Structure formats: structure tokens, C-alpha cells
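One structure is given here, and the rest of the page talks about it.
The values are calculated or read from the model by the stated rules, or taken from the named source; none is laboratory data. The shown structure was predicted, so the numbers you read here are calculated from the model rather than taken from an experiment. Positions of Cβ are generated from backbone atoms using ideal geometry, with glycine treated the same way; all protein chains shown enter the neighbour counts. Each accessible area value is taken on the protein alone, full model and side chains, heavy atoms only, with ligands, DNA and RNA left out. Shrake-Rupley method; radii C 1.70, N 1.55, O 1.52, S 1.80 Å.
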Amino acid sequence: MLRTKWAAAAIILALAVNLTRAKDDETYDLRGPAPKKGQVTVSKTTFKIKNSDVALKIGGMKLDAKQTLTAVEEDEDKVLAVEGRQTTKAQTKVTKEEVETSTSLGGQEMNDKKAGDLDGEVFISERTGEGEWKHSLVDNKPTDKQKKELDKRVGPENEDDLYPAGKVKVGHTWTVDAAALQRVFGGSITDLKGKLKMKFVKIEEVNGETCAVIEAVGVIKGVAKEDEGDLDVELDMKGTTWRSVKTGLDVKDKASGKIKMSGKIEMDGAKVDLALEGPFTIDSTAKFK
């Protein structure tokens, strides 16, 4: 009887091993299906720089500060028109856009919390060329600030450049050029340079959705064009994406690393040398409505 039990256990173990191997040999299309007209996606992204070191030089005076920044955006996006695998027209409702900062300078604590310029707005995005979009508010004429923010936006560009063509197995690796990430950063950071090393590490369930878990590591450099002046930006980052193998939607993203920003800006009419360095995190979720 004892030998029978061990034999049964051995059969079960062998079956489990074979099933695991079969799963490892399975291939997946990481690009996913084309978008569909009428598709609605709800997303939330939180970007945070925590306790960063900020150095300011004004004339011959130097000031050191500590700053924490948290930016939150919640959107509802609807596909209005599609050509092939590319959305050509979309509607975005910005349900929440908020920035909160906490700064310690010279023994003083300064806290600020304000809504973004597009908070609560609805706008239409129309693709006018390769990576080029025209945005217009639905109900209102944009203010000068809103127009600048709309100009920084990138529409729902096809993500095929981020993922390998054809089906691949768990363990597959590839490299992505920074230029392919422009749709991720929009117009907030331009002139992107660098590369990300990507790896398809495993299959995992997220809220009942079968997802490909994809890791990315690398250094990205670019330029942040602000009203006060241009800043050089460097992101040394590591990120993980949970991408639905059925829909191609990134249901969850997490990234962390170190950010550096430096350049000359204008503050209250004075030219200021600014340098910022600190840890950052990005957390986002998305789902179909």
C-alpha cells in the first residue's frame, strides 16, 4: 500500500512538471489586438518624487531645499476612430489632475496643492501625422495655460514599437529605444535618448486577468520644456508592467529609480540655476469600462 501511495505521488508530480513545461513553452503576442471604436479605458497614474535635494543659485547666493512632489491624474479615454492598429481620434475626460508639493527651505515649511490646468476638462485628440496630434477642448475655449498643456499631450499612439513582433515565450528579452517612449512621456519630456532592456519574466493573474509580466531597466535622458525654462532630465529607472495577454491593456504599472533635473529657469524675474535629485515612483492602473 505504501508503495502504491508513493507511485501515485510520483505520477502527480510528473504530471505537474509536464504541465509547467507546457506552460513555459507557450507563446504570447505581447502587442495584443488592435483598438476598437467605442472602447473606453479608465486609468489612474501617480508620480511621486520624495524628499529630493534641491539646490538653487541666484547670483552669488546658494540655497538648499528639500521637496516632495506628488502628481495624480485620472482619465477616461474613448476611442472614436481607428485605422488598422492605430487610433486616429479619441476623447479624453480628465476626471482628476492634481499636483501637491511640500518644500522645506531655510527652516520654513511650504505646502501647496492645486488642480491642474486640464482638471475636469474633456478634449478631442485627432492624429494629424506620425506621432503628431491636434487637441481641442469640447465645451470651452482654452486659456493660454490650457493651450500649452494641450500642446504637450500625445494621443493614444500605437505601442507596437515597445514590444516584439510575433509570439514569444517567457524569458524573451529585447531592447527598446528611448524614442519609442515618447507616447509615455508626452510633451512633458522631449528629445529622449537612451535605451531600456526589456524582459518577459512570467505570466501572472491580476484581478482575474491573465497578464504578461514585463520588466524594464535603463537610463533615459531628455529635456523638460517649462514656461520658466528648459531643464535637462535623467531617469535611472526600473519598471514592471502587467499587460493583459487577451486585450493588450497595461492593467498595472510600477516604476522606481532616481531622477535628476538641472538647468536655468526664471523665478520672479531673476535667472536661477536649479538642480534637483531624488528618488521617484510611478504607479498606474487601467481597466476597460
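Structure notes:
- The stretch 116-164 and the stretch 30-80 have their alpha-carbon centroids 15 Å apart.
- Cα long-axis angle, helix 2-25 against the chain (0 to 90 degrees, to the nearest 10): 40
- Taking the C-alpha atoms of the stretch 153-289, convex hull volume expressed per residue in Å³: 122
- Surface per residue (accessible, 1.4 Å probe) for the chain, Å²: 60
- Each Lys and Arg contributes +1 and each Asp and Glu -1, all at the Cβ; summed about the Cα centre of the chain, the dipole is approximately 1320 debye.
- Carbon/sulfur fraction of accessible area - the stretch 120-172, other protein chains in place, 1.4 Å, %: 44
- Largest mean-square fluctuation among LYS195, LYS254, LYS114, in a Gaussian network model of the chain whose springs join Cα atoms under 10 Å apart, belongs to LYS114.
- Seen from LEU235, the other residues with C-beta closer than 13 Å to its C-beta sum to a net charge of +2, counting Lys and Arg as +1 and Asp and Glu as -1.
- Within the listed set ASP77, ASP112, ASP273, the residue fluctuating most in the Gaussian network model of the chain (springs between alpha-carbon atoms under 10 angstrom) is ASP112.
- Considering only GluC sites (Glu not before Pro) in DSSP loops that have at most 15 other Cβ atoms within 10 Å, the longest stretch of the chain without any of them is 27-129.
- Fully extending the segment from GLU126 to ARG183, taken as 0.36 nm per residue of separation minus the present Cα-Cα distance, adds 19.1 nm.
- Counting only protein heavy atoms and using a 1.4 Å probe, the accessible area of VAL223 comes to about 30 Å².
- Extension gain, LYS167 to LYS141, is 4.8 nm, computed as 0.36 nm per intervening residue step minus the present C-alpha separation.
- Förster radius 22 Å - calculated FRET efficiency between LYS197 and ASP53, Cβ distance, rounded to 0.05: 0.20
- Of all accessible heavy-atom area on the stretch 191-279, the percent that carbon and sulfur account for (1.4 Å): 49
- For ASN158, the residues whose amide H sits under 5 Å from its own are THR87, ignoring neighbours fewer than 5 places away on the same chain, with H placed 1.01 Å from N.
- Under 13 Å of direct C-alpha separation, and excluding same-chain neighbours fewer than eight residues apart, LYS197 reaches these aspartates and glutamates: ASP177, GLU215, ASP236.
- Listed cross-link partners LYS48/LYS199; LYS44/LYS134; LYS169/LYS195; LYS93/LYS169; LYS193/LYS289; LYS260/LYS289 are compared with a 27 Å cut-off, the Cα-Cα value being larger for LYS93/LYS169; LYS193/LYS289; LYS260/LYS289.
- Of the labelled figures [x] 29, 22, 17; [y] 36, 21, 17; [z] 41, 26, 17, only one reflects semi-axes √(5λ) of the Cα gyration tensor in Å as derived from the coordinates, namely [z].
- Listed residues CYS211, ILE124, LEU63: farthest to the positive end of the dipole of the chain (Cβ charges): CYS211
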